[in-house]
């Protein structure tokens, strides 16, 4: 799943530099992590997480999502990720 997220992010946002962040894949701009992936297995969680930091500037009103749970990565989820990029 992390490899597919990597392919999507690097395709949609080539200006982001891949790096590791707390041992997990992340993508930075100007040295600041914009988005990151957390494996379910590493954290013994039910789902993986695709998250965004402040530098992503996702502001939509007074409240907005900063992370998404991923149980699987189908074409539907890929479309949603691409729409956020």
(request) Have a look at 17, 28, 75 and tell me which one the Gaussian network model of the chain (Cα, springs below 10 Å) gives the largest fluctuation. (result) 75
(request) Considering only 15, 60, 72, give the residue with the highest GNM mean-square fluctuation for the chain, with springs between Cα atoms whenever their separation is below 10 Å. (result) 60
(request) With springs only between Cα atoms under 10 Å apart, run a GNM on the chain and tell me which of 61, 23, 51 wobbles the most. (result) 61
(message) Counting other beta carbons within 10 Å of each residue's own, what order do 68, 36 fall into, fewest first?
(response) 68, 36
(message) On the principal axes of its Cα set, how long, how wide and how thick is the range 2-84? Give whole Å, largest value first.
(response) 29, 28, 22
(message) Sort 39, 67 by Cβ crowding within 10 Å, fewest neighbours at the top.
(response) 67, 39
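A short reminder: the numbers here are calculations on the coordinates, not readings from a lab. These numbers were taken from a predicted model, which means no experiment stands behind them. FYI the Cβ positions are ideal-geometry reconstructions off the backbone, even for glycines, and counts take in every protein chain you see.
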